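Q: Below you will find the structure I want to go over with you.
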Amino acid sequence: MADAAGVAGLRSRDLFAESGVARYDLAPGAVLLRGFALEREAAVARAVEDIAAAAPFRHMETPGGFRMSVAMTNCGRYGWVSSASGYRYSDRDPVSGAPWPALPVVMQELAREAASAAGFSEYSPDACLVNRYEPGARLTLHRDKDERDFTQPIVSVSLGVPATFLFGGLKRKDRVSRIALEHGDVVVFGGPSRLRYHGVAALKSAQHPFAGPNRINLTLRRAS
Ligand code: MD6
Ligand code: FE
């Protein structure tokens, strides 16, 4: 199979000598690190299980009154929530009223190292949105703009069934590239790309040992 990043006409710029992880520059400030999370997949799997036990995945409602096809939960000091009244960060899980589960150390370290590999030093995320895609679930084109600090990047970790990431521009009508994201891939989204439009195409039916028919995505952010 052709390298999936090749779909968008991308070329690997570097090969990390130590990890063998290929780095693709998607755009200024946006970097794809292929397989960067693979070394820690067992620890990340346990962490996601613990988070979901404490704060179960749920289908949130959009401000427009639709049920999101992606099931979500959070960990960290703040969690992203959507409801009829809008989008916001909350330091409590609205379902239980309790604080979100802590951001696991393995995710903090993974995010910090990925950010550093992409050129963002001193990354200090305080929120992690955990997305679960079942077959057919999708995320429409959006920008992540509910955070207070756009100088810090978002670090996005893909796990399980592969998906097509829709990578747009700074305007909604800009051309959208399609990038295959596979198990273990990490995207760092910051700098001049921090407010680009992006989304995820409907998940195809497939199986992967990590989460059966599902895709799990972690997006770490600095919210406050
Ligand atoms: C996902 N990702 O891959 C959804 N947002 O499931 C995002 O919405 C996202 O990957 C901001 C930065 C990177 C991302
Ligand atoms: Fe996003």
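Nothing in this text is a laboratory measurement; each read-out follows from the coordinates by a stated rule. Being a predicted model, the structure only gives us computed values, none of them experimental. So basically every Cβ, Gly included, is an ideal-geometry build from the backbone, and we count neighbours across all protein chains shown.
Q: Collect residues whose amide H, placed 1.01 Å from N in the peptide plane, falls under 5 Å from the amide H of Phe36; neighbours closer than 5 in sequence don't count.
A: Residues meeting the amide H criterion: Val186.
Q: What shape does segment 93-215 take by its C-alpha gyration tensor, where a ≥ b ≥ c are the square roots of the eigenvalues and a/c under 1.5 counts as rounded, a/b above b/c as prolate, and the rest as oblate? Don't skip to the end; give the middle numbers.
A: Values: a/c = 1.41, a/b = 1.07, b/c = 1.32.
Since a/c stays below 1.5, the shape of segment 93-215 is classed as rounded.
Q: Can you put Thr73, Thr151, Thr140, Thr219 in order, fewest other beta carbons within 10 Å first?
A: Ordered by Cβ neighbours within 10 Å, fewest first: Thr151, Thr140, Thr219, Thr73.
Q: Only Lys, Arg, Asp and Glu count, each charged at its Cβ (+1, +1, -1, -1), so figure out the dipole size of segment 109-224 about its Cα centre, rounded to 20 debye.
A: The calculation lands at about 640 debye.
Q: Calculated from DSSP H runs of 4 or more alone, at -39500 (n - 2.57) each and per residue, what is the 222 nm mean residue ellipticity of the chain, nearest 500?
A: That comes out to -4000 deg cm²/dmol.
Q: If you plug each phi of segment 134-144 into the Karplus form 6.51 cos²θ - 1.76 cosθ + 1.60 with θ = phi - 60°, what whole-Hz ³J(HN,Hα) values come out, in order, with x for Gly and Pro?
A: For segment 134-144, the Karplus-derived couplings read 8, x, x, 5, 8, 10, 6, 4, 8, 10, 8 Hz, x marking Gly and Pro.
Q: Related question: Hey, can you rank 99-107, 81-89 by average C-beta count inside 10 Å, highest first?
A: 99-107, 81-89
Q: Also, quick follow-up: How much length would be gained if the chain were fully extended between Thr62 and Lys204, taking 0.36 nm per residue of separation minus their Cα-Cα distance, in nm to one decimal?
A: 48.8 nm
Q: For segment 207-215, in order, what is each residue's ³J(HN,Hα) by Karplus, 6.51 cos²θ - 1.76 cosθ + 1.60 with θ = phi - 60°, in whole Hz (x at glycine and Pro)?
A: With coefficients 6.51, -1.76 and 1.60, one gets 10, 9, x, 5, 8, x, x, 9, 10 Hz.
Q: So, one more: Considering only DSSP beta bridges where both residues belong to segment 153-224, give the percentage that are antiparallel (nearest 5).
A: 100
Q: Let me ask another. Which GluC sites (Glu not before Pro) in segment 89-156 pass both tests, a DSSP loop state and at most 15 other beta-carbon atoms within 10 Å?
A: In loop regions of segment 89-156 (DSSP not H, G, I, E or B), the sparsely surrounded GluC sites (Glu not before Pro) are Glu122.
Q: Tell me the angle of helix 105-117 to the major Cα principal axis of the chain, expressed in degrees between 0 and 90 and rounded to the nearest ten.
A: Taking Cα atoms only, the helix is inclined about 40 degrees.
Q: Please get the size of the charge dipole for segment 27-91, origin at its Cα centre, with Cβ charges of +1 on Lys and Arg and -1 on Asp and Glu, quoted in debye to the nearest 20.
A: 140
Q: While we're looking at this one, here's another question. So between Ala84 and Ala54, what do we pick up on full extension, going 0.36 nm a residue minus the alpha carbon distance?
A: Contour length minus Cα-Cα distance gives 8.4 nm.
Q: For the chain, build the convex hull from the C-alpha positions and give me its volume per residue in Å³. If you can, show how the numbers build up before the last one.
A: Values: hull volume 26.4 nm³, N = 224.
It is 118 Å³ per residue.
Q: State the percent of C-alpha pairs, over all pairs in segment 172-224, separated by a distance greater than 13 angstrom.
A: So the portion of pairs separated by more than 13 Å is 71 percent.
Q: What is the P(r) of segment 16-79, as percent of Cα-Cα pairs per 5 Å bin from 0?
A: 4, 13, 13, 14, 16, 17, 15, 5, 2, 0
Q: Angle, helix 41-54 long axis vs. longest principal axis of the chain, Cα atoms, 0 to 90°, nearest 10?
A: Approximately 20 degrees, to the nearest ten.
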